[in-house]
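Nothing in this text is a laboratory measurement; each read-out follows from the coordinates by a stated rule. Being a predicted model, the structure only gives us computed values, none of them experimental. FYI the Cβ positions are ideal-geometry reconstructions off the backbone, even for glycines, and counts take in every protein chain you see.
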Amino acid sequence: MTINQSGWRPTAPDASEEAPATFTGNRALMLEEPLLFEIGDTQTTGVDFAEVPKGASRLGGLERNRDIGLAGLSEPETVRHYTRLSRQNYAIDLGVFPLGSCTMKHNPRLNEKVARMPGFADIHPLQPVDTVQGALALIDQLAGWLIRLTGMHSVAMSPKAGAHGELCGLLAIRSALEARGDAREVILVPESAHGTNPATAAFAGYRVENIPATEAGRVDVAALKARLGPDVAGVMITNPNTCGLFEPDMIEISAAVHEAGGLVYCDGANFNAIVGRVRPGDLGIDAMHINLHKTFSTPHGGGGPGSGPVVFSEALSPFAPLPFVEKRGDSYVLVEEETADAEHSRSFGRMTAFHGQMGMFTRALSYILSHGADGLRQVAEDAVLNANYVLRSLDGVLDAPFGTSGPCMHEALFSDRDFGGDLSTLDLAKALIDEGFHPMTMYFPLVVHGAMLVEPTETESKATLDQFIGALRSVAQRAKAGDQSLKAAPVHAPRRRLDETLAARKPVLVYREPAQAEAAE
Amino acid sequence: MLRVIGAKSIDDLFTDVPAAARLSGTIAGLPDHASELSVERQLGALARQNIAAGEVPFFIGCGAYRHHIPASVDHIIQRGEFLTSYTPYQPEIAQGTLQCLFEFQTQVARLYGCDVANASMYDGSTACWEAIAMAGRVTRRKKAVLSSGLHPHYVSLAKTMAKFTGDTLLHAPPSLTAELDVDTLAVDGETSCVVVQYPDILGRIADLSALAAKCQAAGALLVVVNTEPVALGAIRAPGEMGADIVVGEGQSIGVGLQFGGPYCGLFATREKYVRQMPGRLAGETQDAEGKRGFVLTLSTREQHIRREKATSNICTSSVLCALAWTAHMTLLGEKGLRQLAALNHGKAVAAADRLARVPGVSLVNDAFFNEFTLRLSREARPVVRTLAERRILAGVSLGRLYPGEAELENGLVVAVTETTTEEDVETFASALEEVLA
């Protein structure tokens with residue numbers, strides 16, 4: 001089969017033809033939309049209410065007596081306002097979204113449907129536990145899957161997102177070390193780590209030291225071992241790492257860290273590459289967060305909500321945060337401050353008001369049950385297959401700094417080497433926008449110059465990948481040829497390049513009515 | 001595809017995995033894939049084991065409230081362009097999310113009476129801790145005074161974090177009285193901030209202006225926590241009373257109960273502190289043709305740039321919930337929010353008066369918005385359980401929130417919203433009378 005090998009190409013618009021300006025500024029389906037405050041007013045509402053029962057106010061003299069300034073729209077205007085705005089967004093539903101490390105895969109709509117069942121969506125976190133047995137059973141069932149898929153001992157379900165999960169893991173590590181009277185100060189983090197890792201370690205009260213990478217894009221095991229000692233609390237390692245490579249020495253690294261009295265945190269952002277094929281518990285890991293919004297496809301929603309349960313080794317399990325769900329006899333209980341018995345007395349405490357991201361648990365369990373043990377294994381295999389296909393299809397087109405060190409995992413890493421003129425990764429990314437694709441992750445990981453990290457996920461078919469590869473090949477060749485027109489890209493997006501320096505120099509973070517804005521000048 | 005890659009099989013792509021850790025087949029004990037129909041049945045069976053708030057007379061609040069959410073809100077957030085997009089790192093193709101966040105920030109800042117707001121946090125409880133941490137950065141002090149009326153789970157979270165950061169937290173449980181402790185809190189030259197909930201965990205409200213002045217005189221910040229944003233359609237904004245940082249749970253507007261998450265943390269402050277603020281920020285700018293547009297800005301505070309020196313480790317916030325919040329608030333507008341607030345308060349006043357007539361029940365609050373505390377003639381916790389067996393979800397017993405505090409065990413916190421009917425109140429009141437008799 002050789003269909004679509006060079007990718008499908010739309011008919012290029014005639015660039016020389018100047019489109020005449022329209023009266024409205026709109027371009028057919030591309031509609032400009034003013035701010036809510038420019039079209040709404042404080043006297044309009046899209047909701048009607050029953051009459052207020054008569055009776056004296058009991059507000060203690062604190063009645064609001066100033067205008068709030070909240071603009072309202074009628075229902076049709078509201079729907080139109082947000083629908084028009086939605087059309088200025090790129091999304092997985094529109095096409096390939098190959099953001100490396102972010103795992104933008106299809107969000108099955110069954111997951112949305114089950115999350116909206118009243119028995120899940122319309123229950124209160126403080127209801128008597130007898131009235132929410134099904135919800136607790138669901139959390140317990142998901143927890144069981146996560147424990148088995150990772151080969152770990154227990155799981156804390158409450159962390160709200162990946163970085164919150166990292167914090168959970170590090171607080172457990174600190175608690176475990178302090179419990180044995182061995183407070184340590186340093187967390188080692190590879191240079192290629194996500195920014196959240198060092199930020200989290202600092203938030204947990206640790207000093208962060210970097211470990212270098214080898215030429216082959218892996219942790220420098222010799223340098224790591226040399227740095228281990230009585231002041232090192234542990235390491236935070238991403239595996240598969242952010243160069244898209246598996247750390248082949250992971251077992252040896254874990255053993256060395258344990259030998260030196262430290263503990264091993266694994267950033268599980270890339271678990272989707274190995275789910276069903278490798279269990280982190282077999283690699284000697286003590287704690288790892290799982291981004292349900294990555295591996296198990298709960299929607300990213302423009303930047304959250306996420307969900308970051310943390311699996312623990314036996315050594316760390318006693319220190320896991322409250323609350324959690326336990327099955328006692330035929331029913332489920334919620335172990336909270338008051339019900340934490342001796343078994344849980346060493347818990348480091350509560351991390352969030354309630355029990356975690358229930359709405360994400362229902363979606364993730366729906367995804368997991370739909371795929372099953374066999375399907376999840378295939379998720380990892382297809383993700384890795386797709387990434388390697390992208391990597392090899394661009395041989396000789398884009399520089400792949402670790403392309404010779406064997407297959408990649410779920411993402412392919414390229415650099416800006418050989419770009420002509422002063423063209424950069426940013427220019428290539430913006431040109432991809434004009435081609436109808438979301439760009440890859442740019443300038444991350446920091447260990448590669450002008451990094452471009454492409455994560456296709458298991459969602460994409462070969463035909464779609466060929467189309468994407470064709471576009472990427474085209475813009476890469478233009479970049480290498482020094483085609484200065486890339487500097488102007490994107491030209492077909494709702495906006496041309498936006499001035500981020502201006503935004504940061506004079507921050508305008510809220511709308512002010514024109515008169516008010518002038519007065520503030 | 002394998003031919004292009006130069007591999008014989010999928011297994012060849014996993015050769016970096018140490019042999020000892022390679023799984024040869026599927027993990028034992030886990031079922032294989034299932035059809036859409038089958039999964040829907042399995043999960044539907046679990047959903048039916050729960051009592052949904054809408055099925056019964058429902059009076060539970062304490063940090064999460066049942067409100068009617070207009071149908072168009074859910075329609076809007078299910079637009080694939082919102083649901084399946086990512087953090088807007090490429091602003092030219094993310095103006096939809098960015099403009100919504102800019103509108104959200106404006107609405108939050110105005111509701112709270114503050115200069116600026118961020119693009120959302122995980123939830124109210126984590127936003128509360130982030131505010132305490134931010135006050136520490138601003139004042140370079142490490143002692144926070146928490147009012148006794150702050151949600152006990154928020155206190156619990158702050159205590160967890162303070163153990164590791166070395167901050168000192170002063171806090172005592174509330175007393176079952178109409179008065180708050182806001183005028184008796186000790187503020188000195190070492191205090192980074194005072195944290196007060198408004199309305200508080202017992203539903204009480206008080207003027208915070210004098211406390212704000214006291215904080216200012218001592219060089220401390222006043223942090224006000226709000227867990228019921230609808231209240232701010234009826235009572236004065238915290239910023240108006242002099243709060244330096246206002247944080248809260250946004251769940252009431254647009255988000256729904258969802259057993260505790262995902263919710264939507266709100267965070268606002270004074271313009272002069274914006275560079276110490278955690279979380280994502282959308283800001284206005286121009287594109288290369290001079291057209292107005294929006295970008296994520298001031299990211300030099302954030303972890304992906306500043307790494308271990310960041311103001312917070314947060315990467316993901318709660319954008320889709322923020323979008324639901326902003327769409328619901330747009331449908332309400334100022335007029336609708338004020339009507340909604342008046343309706344909540346009116347129904348709560350009527351319910352409080354009715355329940356206080358039940359023999360053995362007295363009302364603790366003088367002032368309240370849509371939530372108030374009852375003192376029962378006996379321990380509230382078993383009463384709540386008994387009423388739940390009769391399919392009435394009667395509120396939150398203080399025994400559940402403050403285990404071991406004998407003086408609080410007769411307290412029951414009751415929330416009343418626009419969804420509560422007179423019939424619900426009557427059912428609750430007569431059942432309560434029978435149980436207490």
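Peptides A:243-251, B:135-143 ranked from most to least packed by the mean count of surrounding Cβ atoms within 10 Å: A:243-251, B:135-143. Hey, could you grab the Kirkwood Rh for the range A:193-331? Inverse mean 1/r over distinct alpha carbon pairs, Å, one decimal. About 16.3 Å for the range A:193-331. The helix-only estimate of mean residue ellipticity at 222 nm for chain B, built from DSSP H runs of length n ≥ 4 each weighted as -39500 (n - 2.57), is -11000 deg cm²/dmol after division by the residue total. Relative contact order of chain A: what whole-number percent is it, with Cα pairs under 8 angstrom and at least 6 residues apart? For chain A, the relative contact order is 19 percent. Note on B:R292 and B:S377: with the Förster distance fixed at 60 Å, the Cβ-Cβ geometry gives a FRET efficiency of about 0.45. Calculated on C-alpha atoms, the gyration radius of chain B divided by its Kirkwood radius gives an Rg/Rh of 1.03.
Take every pair of alpha-carbon atoms less than 8 Å apart whose residues are at least six positions apart; their mean separation over the length of the range B:1-147 yields a relative contact order of 7 percent. Relative contact order for the range A:111-366: 29 percent, from Cα pairs under 8 Å spaced at least 6 residues apart, divided by residue count. The convex hull of the Cα atoms of the range A:122-168, projected and averaged over all directions, covers 4.2 nm². Going from the residue with the fewest nearby Cβ atoms within 10 Å to the one with the most, B:Y112, A:Y265 rank B:Y112, A:Y265. Using the Cβ of A:V47 as centre and a radius below 11 Å, the other residues enclosed give a net charge of -2, where K and R count +1 and D and E count -1. The value given for the range B:72-329 is a Kirkwood hydrodynamic radius of 18.6 Å, derived from the mean inverse Cα-Cα separation.
Above 16 Å, the calculated P(r) of the range B:306-350 contains 62 percent of its Cα-Cα pairs.
Each listed q (0.12 Å⁻¹) maps to a log10 I(q)/I(0) for chain A, found by the Debye formula over equal Cα scatterers with no solvent: -1.24.
The simple Förster model, with R0 at 22 Å and r as the Cβ-Cβ distance, assigns B:A28 and A:H153 a FRET efficiency of 0.80. Considering only the Cα atoms of the range A:45-128, their convex hull presents on average a projected area of 11.7 nm².
Counted by neighbouring Cβ atoms within 10 Å, the residues A:V454, A:V397 run from fewest to most as A:V397, A:V454.
Distances between placed amide hydrogens fall under 5 Å for A:R350 paired with A:L322, B:T160, all partners being 5 or more residues away or on another chain.
Annotation: for a label point projected 7 angstrom from Cα along Cα→Cβ of A:E314, residues of the range A:263-301 with backbone N closer than 17 Å are A:264, A:280-287. Averaged over peptide A:361-368, the number of partner chain Cβ atoms lying within 10 Å of each residue's Cβ comes to 3. As a calculated quantity, the FRET efficiency between B:R3 and A:E326 at R0 = 60 Å, using C-beta atoms, amounts to about 0.75.
Scalar couplings 3J(HN,Hα) for the range B:46-55, obtained by applying the Karplus form with A = 6.51, B = -1.76, C = 1.60 to θ = phi - 60°, are 5, 4, 6, 7, 10, 8, 6, 4, x, 8 Hz; x denotes Gly and Pro.
Between B:Q107, B:Q216, B:Q258, the residue with the greatest mean-square fluctuation in the GNM of chain B (Cα pairs under 10 Å linked by springs) is B:Q258.
Peptide B:125-137 shows a mean partner chain C-beta count of 1 within 10 Å per residue C-beta. The Rg/Rh ratio for the range A:88-163 is 1.04, where Rg is the radius of gyration of the alpha carbons and Rh is the Kirkwood radius.
So if I average 1/r over every pair of distinct C-alpha atoms in the protein assembly as shown and take the inverse, what Kirkwood radius in Å does that give? 28.5 Å is the Kirkwood radius here. Under 15 Å from a label point set 7 Å out along the Cα-to-Cβ vector of B:T15, the amide N atoms of the range A:217-252 belong to A:246, A:248.
Working note: Cα gyration tensor of the range B:11-79, eigenvalues times five, square-rooted, sorted largest first, giving semi-axes of 43, 18, 16 Å. For the range A:377-437, the orientation-averaged shadow of the C-alpha convex hull comes to 5.0 nm² (one quarter of the hull surface). In terms of overall dimensions, the range A:373-503 has a Cα radius of gyration and Dmax of 15.3, 51 angstrom. When only alpha carbons of the range A:111-366 are considered, Rg and Dmax amount to 18.0, 57 Å. Using the Karplus relation 6.51 cos²θ - 1.76 cosθ + 1.60 with θ = phi - 60°, the per-residue 3J(HN,Hα) values for the range B:114-131 come to 10, 6, 9, 9, 8, 8, 3, 10, 4, 6, x, 5, 6, 4, 4, 5, 4, 5 Hz, with x marking Gly and Pro. Checked against a 21 Å cut-off, the cross-linked pairs A:K430/B:K309; B:K159/B:K214; A:K54/B:K335; B:K143/B:K214 give Cα-Cα distances beyond that limit for A:K430/B:K309; B:K159/B:K214.
Here the range B:390-437 was treated as a single set of alpha-carbon atoms; its pair distances binned every 5 Å from 0 give 5, 18, 24, 23, 18, 9, 3 percent.
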